[in-house]
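K.L.:
Just dropping this structure here.
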Amino acid sequence: MNRTEKLLDLTLENEFVYLIDILVVVCGSIRFCRVFFAVI
């Protein structure tokens, strides 16, 4: 794995954590959580 790929992986990982944070905030609405997990 070269340096660029490592950097890309790190960026994707950070974005994923950021998305999880947003989901947790939005999931203050239990109804949204139910819909979201039903979709998954």
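K.L.:
Could you give the C-alpha radius of gyration of the chain expressed as a fraction of 2.2 N^0.38 Å, taking N as the number of residues it contains?
P.N.:
On the way: Rg = 14.5 Å, N = 40, 2.2 N^0.38 = 8.9 Å.
Normalised by 2.2 N^0.38 Å, the Cα Rg of the chain equals 1.62.
K.L.:
Tell me the mean residue ellipticity at 222 nm calculated for the chain from its helices only (DSSP H runs of n ≥ 4, each -39500 (n - 2.57), averaged over every residue, nearest 500).
P.N.:
-28500 deg cm²/dmol
Laboratory data are not the source of any read-out in this text; all were calculated from the coordinates shown. Because the structure is predicted, anything quoted here is derived from the model rather than measured.
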